[in-house]
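For reference, the structure is listed below as structure tokens.
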Number of protein chains: 2
Amino acid sequence: MNLPVVSVILLVVSTVHAFQYTELAQYIDSHQEEYVEALRDWVAIESDSSNVQKRPELHRMMEMTAQKLRLMGGTVELVDIGEQELPDGQTVTLPKVVTAQFGNDPSKVTVCVYGHVDVQPAKLEDGWATEPYNLTDINGNLYGRGASDNKAPVLAWIHAVGAYQALNMELPVNVKYVIEGMEETGSNGLDAMILAQRDTFFSDVDYIIISDCSWLSRRPALTYGTRGNCYFFAEVEGPKQDLHSGVYGGTVIEPMTDLIGILDTMINPSGKILIPGIREAVAPLSDEEWKMYQDIEFDVENYKSKIGVSHLMYTNKVDLLAHLWRYPTVTIHGIEGAFSDRGTKTVIPLRLSLIYHVIFLYPVVVMLQVTDYLHSVFAKRKSPNKLKVTMVIGAKPWLADPQQALYEAGKAAVRRVFDMEPDLIREGGTIPIAKTFQDVTGKSIIMMPIGGFDDGLHSQNEKMSRYNYIEGTKLFIAYLNEVSKIQKTSV
Amino acid sequence: MNLPVVSVILLVVSTVHAFQYTELAQYIDSHQEEYVEALRDWVAIESDSSNVQKRPELHRMMEMTAQKLRLMGGTVELVDIGEQELPDGQTVTLPKVVTAQFGNDPSKVTVCVYGHVDVQPAKLEDGWATEPYNLTDINGNLYGRGASDNKAPVLAWIHAVGAYQALNMELPVNVKYVIEGMEETGSNGLDAMILAQRDTFFSDVDYIIISDCSWLSRRPALTYGTRGNCYFFAEVEGPKQDLHSGVYGGTVIEPMTDLIGILDTMINPSGKILIPGIREAVAPLSDEEWKMYQDIEFDVENYKSKIGVSHLMYTNKVDLLAHLWRYPTVTIHGIEGAFSDRGTKTVIPLRLSLIYHVIFLYPVVVMLQVTDYLHSVFAKRKSPNKLKVTMVIGAKPWLADPQQALYEAGKAAVRRVFDMEPDLIREGGTIPIAKTFQDVTGKSIIMMPIGGFDDGLHSQNEKMSRYNYIEGTKLFIAYLNEVSKIQKTSV
């Protein structure tokens, strides 16, 4: 190999296409209002993937996304990923996955940006201060469902490529997009699509970039791990119909009491998981990790005041970060089938509970552990009712090496745009597709968030700040340049 | 006092107005279809008092009831009972109470029939086999929300008076009606109205008749007691907004876990109430009661198959009846504020629970016992979240002497129409207005059900059988005659 010669040639190329960051950044700044309008158009679409009634909106959202990429001259496809089976046995068409490609120069690095344009449910009466599907600018914050999760980041990646095009600058890398519409309910159909296109669309992809996460503080961050998520339904079935609690109460062994009884055995008031084997399977924090966590910018008082609580489960930063990122926890989400509207109702309900499990472990093991445990606890009650436990989402955790070249490029881009070092963080939430990308394509993944630490993902009053949206777009522009250099040193 | 003479005079009057039961019963039979149509018209009105959106329907229901009584020549009033305060502080007009009077002969007994024309919520998708507000006749059963609770019984009382009128027979007693529209949510405003009219509308009332209950088996029944009902909200308040369980789970002390934890301490799997003082306040079953319960027609296997369970909390009839009628129980109704739709959602919710309490005890005592207990259990959790316990309904139990003349008249009427002795039963459900009538007017009350044991009150597929509706109307006709005789013997 004649390494030095090749290196010289590439240096020449690099000079010809010198990175004109200042011009690109100015272009972004001067088009800020246009970008806000684009976000407004996207937020206006109630692309709630958890609500089958909203499926037409979701289809429209995918079509709009494809159309935007087509108008920029990309090679765009709407990939059919089949149907979704509903709990009642009916089927409904899944939203198509949008794939797009800009540039196909085999000498360049090819990155693939993953994002999603579906959203969590939101209603004004849930406690939103503004209409959730009408993007509202208050003091530089853009409030709307899906603004931060994940519509603005997807748009920022589109604007980044658009800026290069508008200034007639050659893209330093080939850019592909994979944009789905089922992320909020478990990326139904996407795994199979990635597997099917492993040797076609994904064959020339070098790196996968995901921006479906947030910073931890006001300091920019790169994310190198996410927790898994095992989501269970536990159903207790009793009488064949709802019964008047006055007329029957006292004689019937009530499913709700059974359900409450078994849910109460999962986690104690100190946050200790009581399901055998779950916590034990996670390795203790290493000294190195402890040191790393200790150095991260994380203001406990600020965190408490942001979420509005006087006490957290742990008092020090390292314990809190470890329980956010690497240890399992149990959240109980609600009880289906019972009366849930405001007001009084006198019925003995018979139905379902949702249990949620955020766990840094592998789903198959967790599924057995949780199912066995709940059945054993239920058996002790000697109830005639029937318990059924189902794991409806089993998302694997993901972990990367934050010292690899892909992350070094990210650090360089952050330095360029923000003039500081990023925090290296993990994410409590789950981005299961990261693990799939890694397993199926064998490629490395970087998570590069631009969402703010206080964006309120999945909550009322979700927002994206103009600052993060616009500076985030610049970060992506800079990153496309930085990531193009990796190949050079490795040729 | 010259008792014998008075008695003779009344005997003469009694001869002149000899009771022509056969003619009246034939009239009822021949007007069956007209009565079914009247019920269809009433069931068609969605007079759901728990849903403020349906308030116009409820007002219309009261107006229709008044109009029906006016057309029969009654002295009818629509009594304004003020406004209802909603949880959000807004107010909404309460449905007026309909009062009516037929006859005002001071020498006759005056009975006052109480009933209600509001209903529980019902939706087809809750599991109804037919449209709940479209009365549907299937094999002689009339399915529809409110058919049995309490529209058909109210109509039967109206038809009873109408039959006397149609055959130009003098009513043996003066008949008054009090028909309200807020029964299903706690008879808001009715207590005050009864108190206000104690010395006017209610001053000449001798007996109060309530038909808002059901038989226990296929055998007709008279009801001499109802349980009380203490209905609580327990609210646990945590973070200032819903949080993404992936992003925050593990660090936050979750309100749902707290709520499940305290709800689980109220009642054990064997049905034992763990709140100190509640069960202890109820006297043990006396030998006499045991004997009485033992003689009642109650088929345990039939009861089990009706509600569709393999086991009940107790195996023998007496234990079951005692726990239906006289012992307290706890029903947990549902959890507000959390996600309750079908599907998955990843939010840490912060809100409310409904707890229900059917108790044969006085509400003020229960309120303190439950509130103190839940706060003490919550305190042990050392949670930073806030617990608020509120009793939103406190309905007193009611008990009558089933050997008094009023009940003897009922037994005679049952013998006349059904040719058998009625069961003497209590009701698990609450009819709090009975206690109010008793306390305010000082008059005796009889509960005379015509609803079938399997009518499904408050459930899906509520029905009233044609048999019970029509024979029930005859029972009321016979009872008006029997009750008119009480005065004679006591003059």
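The values are calculated or read from the model by the stated rules, or taken from the named source; none is laboratory data. Keep in mind the model is a prediction, meaning the values are calculated, not measured. Neighbour counts run over all protein chains shown; Cβ positions are idealised from the backbone, glycine included.
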Residue check: is residue A:285 of a type in the set (A, V, I, L, M, F, W, C), buried (at least 23 other Cβ atoms within 10 Å of the Cβ) and modelled with pLDDT of 85 or more? no
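Count, please, the residues in the stretch B:218-239 that happen to be facing chain A (nearest Cβ under 7 Å) and either closer than 26 Å to residue A:228 by Cα or out of contact with any helix residue (DSSP H, G or I) (no Cβ under 8 Å at 6 or more places or on another chain) (or both).
Filtering the stretch B:218-239 down to residues facing chain A (nearest Cβ under 7 Å) leaves B:227, B:229, B:231, B:238-239.
Then keep just the ones that are either closer than 26 Å to residue A:228 by Cα or out of contact with any helix residue (DSSP H, G or I) (no Cβ under 8 Å at 6 or more places or on another chain) (or both); that gives B:231, B:238-239.
The total comes to 3.
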Looking only at the stretch A:27-39, count every residue that is of a type outside the set (Phe, Trp, Tyr) and surrounded by 17 or more Cβ atoms within 10 Å (Cβ to Cβ) and tell me the total. 5
The one condition in (1) at the interface with another protein chain (Cβ under 8 Å from one of its Cβ atoms); (2) surrounded by fewer than 20 Cβ atoms within 10 Å (Cβ to Cβ); (3) in contact (Cβ under 8 Å) with a residue 12 or more places away in the chain; (4) not charged (D, E, K, R) that residue B:310 fails to fulfil: (3)
Check on residue B:152, modelled with pLDDT of 95 or more, among the hydrophobic types (A, V, I, L, M, F, W, C), in the same structural domain as residue B:448 (by TED's automatic domain parsing) and in contact with a strand residue (DSSP E or B) (Cβ under 6 Å, 6 or more places away or on another chain): yes
Enumerated helices (runs of 4 or more DSSP H) restricted to the stretch B:244-301, each holding at least 1 residues that are within 11 Å of chain A (Cβ to nearest Cβ): B:245-248, B:255-263
Filter the stretch A:83-97 down to residues that are assigned to a strand (DSSP E or B) and out of contact with any helix residue (DSSP H, G or I) (no Cβ under 6 Å at 6 or more places or on another chain), then give me how many there are. 5
Going by the structure shown, is residue B:191 at pLDDT 85 or above, assigned by TED's automatic domain parsing to the domain that holds residue B:427 and assigned to a helix (DSSP H, G or I)? yes
Residue that is nearest to residue A:443 (Cα to Cα), among those in the stretch A:371-411 that are charged (D, E, K, R) and away from every other protein chain (no Cβ under 13 Å): A:401
Keeping to the stretch B:30-70, report how many residues are in contact (Cβ under 8 Å) with a residue 40 or more places away in the chain and of a type in the set (Asp, Glu). 2
By residue number, the members of the stretch B:31-84 that are away from chain A (no Cβ under 14 Å), under 19 Å from residue B:185 (Cα atoms) and among the hydroxyl-bearing types (Ser, Thr, Tyr) are B:47
Is it true that residue B:247 is in the same structural domain as residue B:148 (by TED's automatic domain parsing) and of a type outside the set (S, T, N, Q)? no
Just to check your reading of the model, which residue among A:100, A:156 is part of a strand (DSSP E or B) and closer than 22 Å to residue A:205 by Cα? A:100
Taking residue A:44 as the residue in question, decide whether it is under 25 Å from the mean Cα position of the chain (by Cα), within 30 Å of residue A:482 (Cα to Cα), at pLDDT 95 or above and surrounded by 12 or more Cβ atoms within 10 Å (Cβ to Cβ). no
Can you tell me which of (1) hydrophobic (A, V, I, L, M, F, W, C); (2) away from chain B (no Cβ under 13 Å); (3) farther than 26 Å from residue A:41 by Cβ is the one residue A:94 doesn't meet? (3)
Condition check: part of a loop (DSSP other than H, G, I, E, B) and assigned by TED's automatic domain parsing to the domain that holds residue B:259. Does residue B:402 satisfy that? no
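Determine whether the stretch A:302-310 contains at least one residue that is assigned to a loop (DSSP other than H, G, I, E, B), among the aromatic types (Phe, Trp, Tyr) and not assigned by TED's automatic domain parsing to the domain that holds residue A:421.
Within the stretch A:302-310, none of the residues are assigned to a loop (DSSP other than H, G, I, E, B), among the aromatic types (Phe, Trp, Tyr) and not assigned by TED's automatic domain parsing to the domain that holds residue A:421.
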Which of the residues spanning the stretch B:109-142 are outside any loop (DSSP other than H, G, I, E, B), within 14 Å of chain A (Cβ to nearest Cβ) and surrounded by fewer than 24 Cβ atoms within 10 Å (Cβ to Cβ)? B:125, B:126
Can you tell which of A:178, A:205 is within 30 Å of residue A:50 (Cβ to Cβ), in the same structural domain as residue A:57 (by TED's automatic domain parsing) and in a loop (DSSP other than H, G, I, E, B)? A:205
